[in-house]
Amino acid sequence: MHGTDEQNLFCVTRSEVQTLPDVYSVQQRHFEYADLVGKMHAMMRSSKPASTFSVYIGVFMATVSSRLLRVSKLFLRTARASTSKHEWESEEMPIFEYVPEKGKHRRKVRLYGWGYAATGELGIKEFLRPTYHESPLEFTHKPCIIPFGDNHPVSSIACGVGYSVFVAKGSKNRLPTAYGTGVNAYHQLGFHPHNISPEQGIQYLIEPREIPLPLRFPDSTRVTHVACGKAHTVIATDKEGVYSLGGNQYGQCGRSIIENEDYTRCSISHKIDGLPSDVTQVVCGMDHTIIVDANGKVYTFGCAMDGQLGYKSSWSNWQPKVVEGDIKNEKIVQVSCGADSVLALSDKGEVFCWGNSEYRQFGSVTTDMQVFEPRHLNLKIGPVRQVASGGSSCAVLTESGQIYAWGYGPLGLGPEQLFKGSRTLLPPPLFGANEFRDNIYPERLFAGLMHYAVINSKGELYMWGRNEFGNLGLGHARYQYFPFKVITANLNCVSNFRSFKVSVNCDVRQVAIGPCHTLARCQTWL
């Protein structure tokens, strides 16, 4: 190791870089999940005789009964040891109430991550520089606490391909600042000089580090929004406009394209011209950028090969331009784009679409494979609250709390229904509602490349879709064809360089989904 301890804390050395995988050439991996519950699910999906299935049921119930018996005995021993004989025999157990002093109870924000971890995108340096396990961890299929979130109050999160960006209070002025971790090959996380070759930037950050921005008033300017694409990052501020970093092959950073640009030596953090000051949302597709302002106007720039800019053209454009078409006189309040298919939501609850339609995502308005101009998507399901567009499918959340999905891939409707040409309702019980909890309903909807996440009214997180790297956080690496709850207790966590289990219960507030990893911003219950 060379250089100062501070530099080595955040980066990897040149020899270590050679051992890290190339995030763009990661091959699919198959993992095995052999617990009894998994076998039961597999039997339920198969056509094996009922007798075989009954054997698994018997084994499962016997195991559960045995464990419950052990827990009961342990409880009895603990209870007897902690109470007097008189109290035990009279069944007058003491009751203790712990109430925090008035004004001192404050719910803590906590940050979790799971999925692919080999390039530093989770920001847990112990995964890549292990002390107590033999080799670096390539992935984790259960949620893990990200230590950065315990020391920096995080207000927003975003995921790119192999990297993550957080908005958190800075250590100097305590104002919201952008931090990044993971792949930095295109300097999408900013130029951080290498301690061996200062003229070249660090290509991997294994722990979050502040993203440098050329602000005129750094002591009073706040970062308000962040978004990540395949290899570019866009950061909006409250007083000094919008900045971009990273790959600019199609003009997705809002600056002129430089042929054969050497990103290993590029230190550009570009302020984008031609944008309004009152930005309310920033969205990145794979290679294009979408900006929404307070008036509901939509600006786009970058790659246009599939019509994702909404300009009636497939020519890429680096200069921000207002999108018109059917949204010309509409006030857009939300936009979603997981790759190159775009959904937009108006303040009236109407849905509009443009971009890639290879899997009939927009089949109700056209048979073309690309939609080059915004079109009204009449779903006939009432006002829509939120839209979510993935790589080959779409989903919406209505004002009545119902979720509809269509397109191609794991839609949440089971392994036999991987394609739907029109919107199809996902039954409410899939998200926690039942006869005993009839007031449970989906509140927020998120889309990744080929997977989705839903937060219900209880703050519970449900996910489904592709899962090669455990990026659904379900404890395995198989495709999940129905929404399944992500458990936020007994999490595998890393602290003080050691892996152990903790019991943490929390409400999920925000989810960011990358192609191979996931982040969640939560609030603890206590």
Only one residue in Y204, Y263 is at pLDDT below 95 and buried (at least 24 other Cβ atoms within 10 Å of the Cβ), so which one is that?
Y204
Quick one: in region 178-201, which of the residues that are among the β-branched types (V, I, T) and crowded, with 23+ Cβ neighbours inside 10 Å is farthest from T221 (Cα to Cα)?
V183
Looking at this structure, is A79 modelled with pLDDT of 95 or more and either over 18 Å from Y204 (Cβ atoms) or not in a loop (DSSP other than H, G, I, E, B) (or both)?
no
Is there a residue in region 233-255 that is closer than 30 Å to S314 by Cβ, touching a Phe, Trp or Tyr at 6+ places or on another chain (Cβ under 8 Å) and surrounded by fewer than 18 Cβ atoms within 10 Å (Cβ to Cβ)?
yes
Kindly indicate whether G310 is touching a strand residue (DSSP E or B) at 6+ places or on another chain (Cβ under 6 Å) and at pLDDT below 95.
no
Being free of Cβ contacts under 8 Å to residues at least 24 places away in the same chain and touching an Asp or Glu at 6+ places or on another chain (Cβ under 8 Å) is the filter; apply it to region 281-312 and report the residue that is surrounded by the most Cβ atoms within 10 Å (Cβ to Cβ).
D293
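The values are calculated or read from the model by the stated rules, or taken from the named source; none is laboratory data. This structure is a prediction, so every number in the text was calculated from the model and none was measured. Using ideal geometry, Cβ is built from the backbone for each residue, glycine included, and neighbour counts are taken over all protein chains shown.
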